[in-house]
Amino acid sequence: MLSKYILEARNISKEFYLPVKHNILKNNNLVVKQGDLITIHGESGSGKSTLLYILATLDTQFEGDLIINNTIIKTQSQSFLSDFRNKNIGFVYQSHYLLQEFNVLHNVLLPAFKSDKKNKEQLREKASKLLTELGLSSYLNYPVYKLSGGQQQRVAIARALINNPKLIIADEPTGNLDQKNSQMIFELLQKISSEQKTAVIIATHDPKIYNNSNISYEMTDGVLRLS
Ligand SMILES: Nc1ncnc2c1ncn2[C@@H]1O[C@H](COP(=O)(O)OP(=O)(O)OP(=O)(O)O)[C@@H](O)[C@H]1O
Ligand SMILES: [Mg+2]
């Protein structure tokens, strides 16, 4: 066993050349246990999304060590990581990247059909249930481009949850939402984390969220500190 944590990040640093070298992340450590709900807040540009992309295995160009679900991430191939993400990580992007021409249900089902070709009917039921919990039961067959920004963000959240990932990483999942819908999404993530022991990491600017998480970090100029 490489790590007793679902996610262990040690000394994570990252630089961008803009065009001169700029250290965006500086020696960050983070351990995440099953059932943890962790928030990261901090100024715009402080490095939250950059860190989440690394933790979600979407960016492997970093210094330091990352172990997720007993797998050393850095040395893996892109095709391994794509499969690994599909099975283990639900990622909600700051901009949601839905397929606009596909309907709501189809967008949510894409990651599920990728890893399970057999149980389509059960998966459809599961996706409808998730979308209903997110207040979208009347929109299952709507093409995504007909939904509002906040509705699309909720579809992206359902898509991240469909494969029951061990780890959910959400980059401002409530960024486009009003207070009522933000609260609904936060409560759903809390429920999943406590009932299914899913680990959840959320970057957010919303104090109602970061003041109510079990574990709250602040990112300041590329450095993560408990807050
Ligand atoms: N691909 C890139 N190339 C160069 N610089 C980048 C790149 N991506 C991000 N940066 C820089 O890294 C810094 C951190 O950006 P990041 O998106 O991580 O901030 P953030 O904390 O998520 O901000 P926000 O709250 O606005 O989403 C910024 O200064 C940004 O300009
Ligand atoms: Mg960001």
Does residue 80 qualify as being more than 15 Å from ligand 2 (Cβ to nearest atom), part of a helix (DSSP H, G or I) and touching a residue at least 12 places away in the same chain (Cβ under 8 Å)?
no
Which of the strands (runs of 3 or more DSSP E) contained wholly in segment 12-74 include at least 2 residues that are farther than 23 Å from residue 185 by Cα and of a type in the set (Val, Ile, Thr)?
21-32, 63-68
Somewhere in segment 56-65, is a residue at pLDDT 95 or above and within 15 Å of residue 203 (Cα to Cα)?
yes
Is there a residue in segment 220-227 that is free of Cβ contacts under 8 Å to residues at least 40 places away in the same chain and assigned to a helix (DSSP H, G or I)?
no
Restricting segment 85-117 to residues that are aromatic (Phe, Trp, Tyr) and not in a loop (DSSP other than H, G, I, E, B), which is surrounded by the most Cβ atoms within 10 Å (Cβ to Cβ)?
91
Might you check whether a residue that is in contact with a helix residue (DSSP H, G or I) (Cβ under 9 Å, 6 or more places away or on another chain), assigned to a loop (DSSP other than H, G, I, E, B) and small (Gly, Ala, Ser) occurs anywhere in segment 171-179?
yes
Can you confirm whether residue 200 is under 17 Å from residue 167 (Cβ atoms) and of a type in the set (A, V, I, L, M, F, W, C)?
yes
Check 139, 93 and return the single one that is among the aromatic types (Phe, Trp, Tyr) and at pLDDT 95 or above.
139
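The values are calculated or read from the model by the stated rules, or taken from the named source; none is laboratory data. Bear in mind that the values here come from a model prediction, so they are computed numbers and not experimental data. In this analysis, Cβ positions are derived from the backbone assuming ideal geometry, glycine residues included, and neighbour counts consider all displayed protein chains.
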